[in-house]
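Asks: One structure is given below, represented as structure tokens, and several questions about it will come after.
The values are calculated or read from the model by the stated rules, or taken from the named source; none is laboratory data. Remember, it's a predicted structure, so these values are computed and weren't measured experimentally. Backbone-built Cβ (ideal geometry, glycine too); neighbour counts: all protein chains shown.
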Amino acid sequence: MDRVGAAVRDGQQRGDVRRDVEPGQVGALVVAIVLGIEVLTELDVPFGTMGAAATLLDLLRPTAGDGSGQGTTAKPPGASRGRARG
């Protein structure tokens, strides 16, 4: 979790990740997601991994109102890529 949190912090400093999220919490969430996907895989439950990954990236992308200084406008999660199926 610490490594993922550090990667989020680095992304925030570069302007790639929104600054209104706490890196440690994002790290814990990503680890929980990965563990959940592993369980789904073991149980042969269909899951759209690529769509879910795209949605997570959309959620973490800087927007105009998150304090990141980025001038982009928010898109609905998954708007530019496929969504997870489940």
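Asks: Cβ-Cβ distance below 9 Å, separation of 6 or more or different chains: which pairs start in segment 1-18 with a residue that is assigned to a helix (DSSP H, G or I) and end on one that is modelled with pLDDT under 95 and among the hydroxyl-bearing types (S, T, Y)?
Replies: Cβ pairs passing all conditions: Q12/S68.
Asks: When the residues of segment 26-49 are filtered to those that are touching a residue at least 12 places away in the same chain (Cβ under 8 Å) and not in a loop (DSSP other than H, G, I, E, B), which remaining residue is nearest to R3 (Cα to Cα)?
Replies: Only one residue tops the list, namely G27.
Residues checked against (1) surrounded by 12 or more Cβ atoms within 10 Å (Cβ to Cβ); (2) modelled with pLDDT of 90 or more:
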site	(1), (2)
Q25	yes, yes
V30	yes, yes
P46	no, yes
T72	no, no
R81	yes, no
